[in-house]
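Reading through the structure tokens given below for one structure.
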Amino acid sequence: MKIGIALSGGKDSSLAAALLGREGHRVVGYHLLLCPEEYAPFSVDHQLIVVRQICELLGIQLKVIDARTAFRREIMDPFITAYAAGKTPNPCILCNRLLKFGLLLDTALKDGCEMLASGHYARIVRRGRSLLKKPIDPRRDESYFLFQISPGQLSRLCFPLGDRTMEEIGRLAEELLPGFTPLPVSQEACFLSRSSLKRFLRDNLPPIDRPGEIIDAAGKKLGEHPGYHFYTVGQRKGLSSASGKKGPLYVLRLIPEKNQVVVGEKRELACTRFRAVEPNWLSIPPPTGPIQVQAKIRYAHPEAEAMVTPRPNGGVVVEFTAPQEAPTPGQAVVFYQDDTLLGGAWIDEIF
């Protein structure tokens, strides 16, 4: 089978390509240039040296797709807009849907590939409808970041690493990638690797001409801040000194139109119910009534029992059995039943 592989230059995608080749598939490597040069964690020249090295080692063809203009338009600009609106976006989820498994998948299919593979840690089970599942090893579960891809995209994808443990991955990398030095794994959005979030927003948002107010839940002014978009729900750092209060304070919500940051105690962050928008149902058809799930409100957050109820306007209401700490507008809430990712939505309004 002719299979395209999304090659980042990192260990995971390189190993996925090696495994496909070992299974006898005809593999074509695709490298997406995404991040504009001024923000990219590595120069284009360095990226291409590493990707060409792995293709030569494995004896596979390489095609380079320059998607930097699309990345700025589709990923970076919405990221900036979301922060300006007081939300905390997750750009990697959007990039997976639009570019890695959108533009790149379309290109691979036009080139005659039957499937597109990547180094993501997840599994796909095909039972009529393709089901997205967690990987065998929970230590590297990346299914959360894949909730927004479409069922059509999922039917054309494969994840060769999802059925293996981290120990197996380490042994296979030594065996199949001898002498290869991969690019390091980024721990954040690629365009934030060279600068902090605060510096990136200062560079890309219009300056605020006056300090904003830090207030408590009752509206009492406690202090001032340099701009609401430098804060996110649940944030603690620096708030006590800015407000003049002793003891830890946390961001409860942002009021962009007034440039205000509302703070309070940690217990005030807890809630059991919120509205989420733009739901995407991946492994099941859109439900017509309430559905019981295990929901995750951020990547590193544990799953919790919840009821998801569709709304007439197309959104959903998510109600948890137990209070959850700091669900954040702009972040994704993702729904599971056992090891199957059903779908997810974007947190919009906390009740």
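The values are calculated or read from the model by the stated rules, or taken from the named source; none is laboratory data. What you see is a predicted model; the values in this text were computed from it and never measured. Note that we place each Cβ from the backbone using ideal geometry, even for glycine, and neighbour counts take in every protein chain shown.
If you take just the strands (runs of 3 or more DSSP E) that sit entirely in region 229-342, which of them hold at least 3 residues that are among the hydroxyl-bearing types (Ser, Thr, Tyr)?
Result: empty, no element qualifies.
For the condition modelled with pLDDT of 95 or more, surrounded by 22 or more Cβ atoms within 10 Å (Cβ to Cβ) and either of a type in the set (Phe, Trp, Tyr) or not assigned by TED's automatic domain parsing to the domain that holds Leu146 (or both), what is the one hit in Val277, Val318?
Val318
Kindly indicate the residue of region 101-114 that is within 19 Å of the chain's Cα centre (by Cα) and surrounded by fewer than 20 Cβ atoms within 10 Å (Cβ to Cβ) and also nearest to Gly343 (Cα to Cα) among those meeting that condition.
Ranking the qualifying residues of region 101-114, first place goes to Gly102.
Residues that are modelled with pLDDT under 95 and buried (at least 16 other Cβ atoms within 10 Å of the Cβ): does region 282-295 have at least one?
There is no residue in region 282-295 that is modelled with pLDDT under 95 and buried (at least 16 other Cβ atoms within 10 Å of the Cβ).
Among Leu132, Leu176, Leu172, which is at pLDDT 95 or above, among the hydrophobic types (A, V, I, L, M, F, W, C) and within 30 Å of Pro285 (Cβ to Cβ)?
Answer to the selection: Leu132.
Just one of Ala117, Ala122 is touching a Cys at 6+ places or on another chain (Cβ under 9 Å), of a type outside the set (Lys, Arg) and surrounded by 13 or more Cβ atoms within 10 Å (Cβ to Cβ); which is it?
Every option except Ala117 fails the conditions.
For (1) touching a Lys or Arg at 6+ places or on another chain (Cβ under 9 Å); (2) over 30 Å from Glu56 (Cα atoms); (3) surrounded by fewer than 16 Cβ atoms within 10 Å (Cβ to Cβ); (4) of a type in the set (A, V, I, L, M, F, W, C), each residue gets a yes or a no:
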site: Gln187; (1), (2), (3), (4): no, no, yes, no
site: Arg194; (1), (2), (3), (4): no, no, yes, no
site: Gly223; (1), (2), (3), (4): yes, yes, no, no
site: Tyr250; (1), (2), (3), (4): yes, yes, no, no
site: Leu254; (1), (2), (3), (4): yes, yes, no, yes
site: Arg267; (1), (2), (3), (4): no, yes, yes, no
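Do any residues in region 158-182 that are assigned to a helix (DSSP H, G or I) have Cβ atoms under 8 Å from those of residues that are surrounded by fewer than 13 Cβ atoms within 10 Å (Cβ to Cβ), where the two are at least six apart or on different chains, and which pairs are they?
Within 8 Å, the pairs are Met166/Arg139.
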